[in-house]
Amino acid sequence: MHNQSSRGPRALTLALGLAAVIAVPANAQQLKLWEISSTNEGVNQNWENVIAQFEAEHPGVEVVMETFDTEAFKQGLAVALTSTSGPDIFFNWGSEDSAVLARNGLAADVTDMGEGRWLDKINAGLLAPFSVEGRAYGVPSHSIAKYMYYNTAFYEENGLTFPTTTDELLAMCKTVREIDPEVAFTSLGNRDQWKGIHYVSMLTAEYVGVDAMLADMRLQNSDDAMFTDPGYTKALAMMRTMEEEGCFQQGVNVTTADMSRTIFASGLATSIYCGTWCPGTFDSEGLEGGYSMAPFPAVSDAPEENHGYILGLTEGFQISAQSQHKELAADFIDLILSDAVQAERLVLAGRIPVNGAGVGAVSDEVHPAIQHVVADLPNYKGFAPILDVDLDGRIVEVYKRGIQDVIDGRVTPEELMAKVRAEALAVKSER
Amino acid sequence: MAQPPTHHRRDTISALTLLAPAMILFGAFILLPLMQTFAWSLYRYEVFGGVKEFVGLDNFAKLAGDEVFGIALINNLKFAVLSVVLQVGMGLVLAALLDRGVRRFKVVYRTIIFAPILVSTAAVGLLWSLILNPSIGPVDDWLGLIGLSAPRNGLLGEPAFAIYGVIFVGAWQYTGFMMVILLAGMQNVPEETYEAARMDGCKGLRAFFHITLPTIRNVIITCCLLTVIGAFKVFDLVYVLTNGGPGNATEVLASYIFRNAFEFGQIGYANALSVVFLAIAFVFGLIQFRMIRR
């Protein structure tokens, strides 16, 4: 026999359950977005605003945003895209990282989705970093570039000028240590290896040249020539020299990128090589504008024609080939590229827009560092390629771990390049 | 007298009904993935492109010449041996002190020593990576107080020492857990046994070696088994503390399997690594299981 007293709560539970089912709109759709996590409050605020606007414009649609740190994002993305629970839209770098997904059918072809959407806002040529064999598999949303940020007060108080060449840089490493042995010229957080490979990317672009470097990275050179340019070993040797000269703080290979920003912000290093996403972090860590920006010093013994590039690339969004909501996803990307959102991303998140139409109205609100970047970027010949996003993942793994060994002096630059070359040949033979 | 056949059948049905949920779960989450792991270890199968080609034992042959696999295997063995020494050894000493040495504030000491196990491994890793960082951590200052200096790149930054740094942090986290298990075993040793031994002149350290240790032998073996299994499973601590670096100096099997599967997309090779990993863990488990039964 049923207990009368239990019927009330049971009926209530059932009623609430039914009400919940009825309350969900029949056309409820969920759009899942994957993005890299950020400690920059402006970035997160911007995402909240964009999602709220999209949901308001698309009743019944819920945008679920999931964020990951860079390593976890890279490790999880490909697997997630092969599953049924992966994201509909996801961030990606306009490089080999996005191309590999396109080649393997994991990213949707968005070439025909742009009409009436982003092609009204940006030049079709900007789709190139996300294109494979003439078809677009992603849409750029902003550019990033890396600069040397330096502590303005330290340099002014000591009557120093930030180095413009690597010879000056090596001399500055000694000068800084003479002023204060506890302070390093620059802070490098290479525990997760991508910071180190960014240094090597820039140095390699100077020594090898961008075009030759790209040919190797795309595995287009002949087997005999691939990764044999002596500039590769020179770039690695420069990293070792910088370590030997005390340019970096102690323990670069156990310091995370976050820690390295803290080291710079706390004055334990006079500079840091960081992206255009960094000023917000410096400000939130207490520096609040007490820094200036400079290009990466030109490599003194590199060919003259190789100077004038800046490390950077275009970032954007791709749509999963498995997504059931591709049109909706395209609408979301289109919103990101709208004049107002691009302007807001510039102001709040420091993202250099690909659509500059709305920028004029907000130029006074843009962070001074980002204003500097916007004015400075046209001065360069172009972006120097970034090894860890433009090169096959297996080769990157050998390269970036080996850079740790080179910095510590356990492996010579020649030994590392022999390993990189062997891995590149193996990858090429399997394609 | 034999039971009627219908009775017997009913018992069988009841037994199977009761076992079914566990068997279904075991089959779905252990047996099937295990079989899939064995099967995929024989294929060249990549996340990117999904290349699926039967290659027989090629993945295992490749493994034999894989330098990083060798480093990872040796690191796991170091982890297992040193963790047993540190976690079980120190746990044993601390348990003995709390059982028969310390008279006051036992609960306070026990709680303090046990506390690190309650903190997530990610938080422990983050905490120790800050403490051991040579630029911003306090270790250099601590060592300076006793006239020593840390390696220039810190304990975790020197390939020769890095794995020992990770093992030390693991021991810091788990020694308290071992202590609690061993202490529970020691508290089950009848007081009468100690009294009888005392009358024969056996007390203090002699009582510990001749009464306590032999009596809790199986508890110690269980602790060793748990520690060795934990040492072979270790992943999170390495991931947070060193990410396998510098170079590949702190790579362990679990992190190498993870990297092959999710960074390089080499699912077939990662499965071959997993099969070897399973075989090693199985052998260790078998040895210790036999020791318990002896």
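The values are calculated or read from the model by the stated rules, or taken from the named source; none is laboratory data. Computed from a predicted structure; not experimentally measured. Please note: Cβ atoms are built from the backbone with ideal geometry, for glycine as well, and neighbour counts cover all protein chains shown. For accessibility, only protein heavy atoms count, side chains too; no ligands or nucleic acids. Shrake-Rupley method; radii C 1.70, N 1.55, O 1.52, S 1.80 Å.
At a glance:
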| quantity | calculated |
| --- | --- |
| Of residues in region A:59-82 being open to solvent by 40 Å² or more (accessible area, probe 1.4 Å) and out of contact with any Phe, Trp or Tyr (no Cβ under 9 Å at 6 or more places or on another chain), the one farthest from the other protein chains (Cβ to nearest Cβ) | A:P59 |
| Which listed residue, of B:F38, B:F29, B:F79, is outside the structural domain of B:A162 (by TED's automatic domain parsing), of a type in the set (A, V, I, L, M, F, W, C) and either at positive phi or touching a residue at least 40 places away in the same chain (Cβ under 8 Å) (or both) | B:F38 |
| Looking only at region A:261-277, and only at residues there that are part of a helix (DSSP H, G or I) and facing another protein chain (nearest Cβ under 9 Å), the one that is farthest from the chain's Cα centre (by Cα) | A:I263 |
| Criterion (at pLDDT 95 or above and touching a helix residue (DSSP H, G or I) at 6+ places or on another chain (Cβ under 9 Å)) met by exactly one of B:L98, B:L86 | B:L86 |
| Condition check for A:V373: touching a Leu at 6+ places or on another chain (Cβ under 9 Å), aliphatic (A, V, I, L, M) and open to solvent by less than 30 Å² (accessible area, probe 1.4 Å) | no |
| Residue list for region A:209-227, filter: closer than 17 Å to A:V396 by Cα and out of contact with any Lys or Arg (no Cβ under 7 Å at 6 or more places or on another chain) | A:M213, A:L214, A:A215, A:D216, A:M217, A:R218, A:Q220 |
| Odd one out for A:K234 among (1) surrounded by fewer than 24 Cβ atoms within 10 Å (Cβ to Cβ); (2) more than 26 Å from A:K428 (Cβ to Cβ) | (2) |
| Members of region A:196-205 that are open to solvent by less than 10 Å² (accessible area, probe 1.4 Å) and more than 15 Å from A:L416 (Cβ to Cβ) | A:M202, A:A205 |
| Selection count where residues are open to solvent by 10 Å² or more (accessible area, probe 1.4 Å) and more than 14 Å from chain B (Cβ to nearest Cβ), scope region A:387-402 | 1 |
| Residues (surrounded by 17 or more Cβ atoms within 10 Å (Cβ to Cβ) and either free of Cβ contacts under 8 Å to residues at least 60 places away in the same chain or of a type outside the set (S, T, N, Q) (or both)) located in region B:41-57 | B:L42, B:Y43, B:R44, B:Y45, B:E46, B:V47, B:F48, B:V55 |
| Residue in region A:328-336 that is more than 21 Å from the chain's Cα centre (by Cα), open to solvent by less than 10 Å² (accessible area, probe 1.4 Å) and in the same structural domain as A:E365 (by TED's automatic domain parsing) present | yes |
| Residue count, region B:58-108 (criterion: more than 30 Å from B:L183 (Cβ to Cβ), surrounded by fewer than 17 Cβ atoms within 10 Å (Cβ to Cβ) and among the aromatic types (F, W, Y)) | 1 |
| Identity of the residue in region A:160-171, more than 11 Å from A:M242 (Cα to Cα) and without any contact (Cβ under 8 Å) to a residue 40 or more places away in the chain, that ends up surrounded by the most Cβ atoms within 10 Å (Cβ to Cβ) | A:L160 |
| Members of region A:92-134 that are part of a loop (DSSP other than H, G, I, E, B), of a type in the set (S, T, N, Q) and farther than 18 Å from A:G356 by Cα | A:S95, A:N104 |
| Residue among B:F161, B:F177 that alone is within 14 Å of another protein chain (Cβ to nearest Cβ) and open to solvent by 10 Å² or more (accessible area, probe 1.4 Å) | B:F161 |
| Any hit, region B:141-150, residues being in contact (Cβ under 8 Å) with a residue 60 or more places away in the chain and either hydrophobic (A, V, I, L, M, F, W, C) or more than 14 Å from chain A (Cβ to nearest Cβ) (or both) | no |
| Test for A:I179: is it surrounded by fewer than 20 Cβ atoms within 10 Å (Cβ to Cβ) and more than 30 Å from A:V79 (Cα to Cα) | yes |
| Helices (runs of 4 or more DSSP H) fully within region B:1-88 counting 3 or more residues that are under 30 Å from B:A171 (Cα atoms) | B:67-83 |
| Hits in region B:238-254 (condition: of a type outside the set (A, V, I, L, M), surrounded by fewer than 24 Cβ atoms within 10 Å (Cβ to Cβ) and more than 8 Å from every other protein chain (Cβ to nearest Cβ)) | B:Y239 |
| Positions within region B:113-137 being free of Cβ contacts under 8 Å to residues at least 12 places away in the same chain, open to solvent by 60 Å² or more (accessible area, probe 1.4 Å), hydrophobic (A, V, I, L, M, F, W, C) and more than 14 Å from chain A (Cβ to nearest Cβ), in sequence order | B:L118 |
| From the options B:A261, B:A270, residue that is within 11 Å of chain A (Cβ to nearest Cβ) and of a type in the set (A, V, I, L, M, F, W, C) | B:A261 |
| Tally of residues being facing chain B (nearest Cβ under 9 Å) and over 24 Å from the mean Cα position of the chain (by Cα) across region A:239-255 | 1 |
| Selection from region A:404-421 of residues that are surrounded by 24 or more Cβ atoms within 10 Å (Cβ to Cβ) and within 9 Å of chain B (Cβ to nearest Cβ) | A:Q404, A:I407 |
| B:K233 vs. criteria open to solvent by 10 Å² or more (accessible area, probe 1.4 Å), closer than 30 Å to A:Y399 by Cβ and of a type in the set (K, R) | yes |
| Failed condition for A:G42, given (1) small (G, A, S); (2) more than 14 Å from chain B (Cβ to nearest Cβ); (3) open to solvent by 30 Å² or more (accessible area, probe 1.4 Å) | (3) |
| Residue among A:A20, A:A72, A:A52, A:A11 that alone is at pLDDT 90 or above and assigned to a helix (DSSP H, G or I) | A:A52 |
| Every pair of residues 6+ apart whose Cβ atoms lie under 7 Å, when the first sits in region A:381-403 and is at positive phi while the second is surrounded by fewer than 24 Cβ atoms within 10 Å (Cβ to Cβ) and of a type in the set (F, W, Y) | A:G382/A:Y309 |
| Total residues in region A:46-58, condition in contact (Cβ under 8 Å) with a residue 24 or more places away in the chain and loosely packed, with under 14 Cβ neighbours inside 10 Å | 1 |
| Conditions (1) within 14 Å of another protein chain (Cβ to nearest Cβ); (2) out of contact with any Leu (no Cβ under 8 Å at 6 or more places or on another chain); (3) in contact (Cβ under 8 Å) with a residue 12 or more places away in the chain; number of the one not met by A:E96 | (2) |
